[in-house]
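Participant: Take this structure, written in structure tokens, and hold onto it; I'll ask about it next.
Please treat every number below as a calculation from the coordinates, not as lab data. Just so it is clear, the model here is predicted, and its values are computed rather than measured. Don't worry about glycine lacking a Cβ; one is built from the backbone with ideal geometry, like all the others, and counts go over all protein chains shown.
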């Protein structure tokens, strides 16, 4: 019996907010620790006596969890963690020991929770319907487009004067060592509706604070900035795909309904990496890298979340998804969205990787078409993790090697996985170093994101 089709203990672990939550939830993921357990067709519930006088009522909507892991659970405990340890424990029980959860009549506290969830869903649908009815017409959209284009251009014209003064005074100017020097101009770019340029400026400020080896990197970033400024001066004369790349780099993104259906590509898409990070103090981003098992196409799925809102976890490194994906316009299309999913994600599939030389050449070809690519997916075949002096590298039999990111925390685990033999390693390349996300060895995939929560 399976109450949560496709779920594994590893997926529950990845669903957890942190290592401590996994540890605490596993302690109580035992049938004897619960006063009541039960399930019906689509719901699992339990009653757990915690430190509070009243027991905690824990609920799982299995149908919703298959599609949306942000709201398919509930608990009456006061924890601010989402999911709390009680919901995690019930998830572990449901996945690992479903026979311990009997099928019984749905209790009133579960029915009341389901009714409230249905009311919220109806309100959300009504909100979307009203939003669609109130959407601006094409004429208004075009007007908004022109107004934003003018704002960005005005901001970039001002930025060019600032960059010219920066070069004129020289990069030895001590004011560059002040965060205020960069933050003030970054804030101006937000006002100019170019948040992507704002982030670039803040990152330049961070480069200067690194140490002594920042000059070459800063010049490289200033070169990219110069290309953006010059590109917007000639914006209307550029091909649509180049316009799309310029819009993306300044943070002026297309809406999902603006992505062309004709760009859809069918394949089994293997997830070779997942990364998350902050855009600013309030906005977070998560990106998945996928590779088509038959087509060899690379795909970037990027999502955003505000504040502490959780990301969906319907994709995990090592899983494969049979789907049509639609690519956003670009001279080198990478970012896409899932247009249609044919089945549940599954494991056991593997994509063909490339050599280091082939991967670097692919990256160079991508940069020639879109010089503002911040990162690029690598899936390397036949590499051995090893030490080179104080650094870690992936080494081929050919003698070519590629450096691993200093931020990667699982070098020894990667070496142990290899055992001194060549393996396939997936990760993200930034032009200087590789951040691994997982590796295939002996027909199994090891997810380094999972290692971070169990070690």
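Participant: Restricting things to Cα coordinates, could you compute the convex hull volume per residue of the range 352-414 in Å³?
Facilitator: Roughly 107 Å³ of hull volume per residue.
Participant: Tell me the Kirkwood radius of the range 252-291: reciprocal of the mean inverse pair distance over distinct alpha-carbon atoms, in Å.
Facilitator: Evaluated over the range 252-291, this radius sits at 12.8 Å.
Participant: Taking every pair of Cα atoms in the range 212-346, average 1/r, invert it to obtain the Kirkwood radius, and report Rg/Rh to two decimals.
Facilitator: Rounded to two decimals, Rg/Rh equals 1.01.
Participant: Taking the convex hull of the alpha carbon atoms in the range 347-387, what volume per residue do you get, in Å³?
Facilitator: Once divided by residue count, the hull of the range 347-387 is 128 Å³.
Participant: While we're on this one: Can you give the log10 of the normalised intensity I(q)/I(0) at q = 0.19, 0.28 Å⁻¹, computed with Debye over equal Cα scatterers of the range 156-212?
Facilitator: Scattering profile of the range 156-212, log10 relative to I(0): -0.65, -1.24.
Participant: Given the convex hull over the Cα atoms of the range 356-454, what projected area results after averaging over all orientations, in nm²?
Facilitator: Its average projected convex-hull area is 6.6 nm².
Participant: If you project the alpha carbons of the range 1-56 onto the principal axes, what extent comes out on each, in Å, largest first?
Facilitator: Principal-axis extents of the range 1-56 (Cα, largest first): 36, 31, 17 Å.
Participant: Taking 25 °C and 0.890 mPa s as the conditions, I'd like the Stokes-Einstein D for the range 43-95 in µm²/s, using the Kirkwood hydrodynamic radius from alpha carbon pairs.
Facilitator: 219
Participant: Right, something else. Return one quarter of the surface area of the convex hull spanned by the alpha-carbon atoms of the range 9-131, equal to its mean projected area, in nm².
Facilitator: 8.2
Participant: Counting other beta carbons within 10 Å of each residue's own, what order do 229, 101, 152 fall into, fewest first?
Facilitator: Exposure proxy ranking, most exposed first: 229, 101, 152.
Participant: Can I ask one more? Starting from the Kirkwood radius over alpha-carbon pairs of the chain, derive D by Stokes-Einstein at 4 °C in a medium of 1.567 mPa s and give it in µm² s⁻¹.
Facilitator: 52
Participant: Fewest to most neighbouring Cβ within 10 Å: what's the order for 185, 224?
Facilitator: Fewest-to-most Cβ neighbours within 10 Å comes out as 224, 185.
Participant: Jot down the radius of gyration and Dmax of the range 292-396, Cα atoms only, both in angstrom.
Facilitator: Radius of gyration, then largest Cα-Cα span, for the range 292-396: 16.3, 48 Å.
Participant: When each pair of different Cα atoms in the range 138-250 is counted once in the 1/r mean, what is the Kirkwood radius in angstroms, to one decimal?
Facilitator: 14.9
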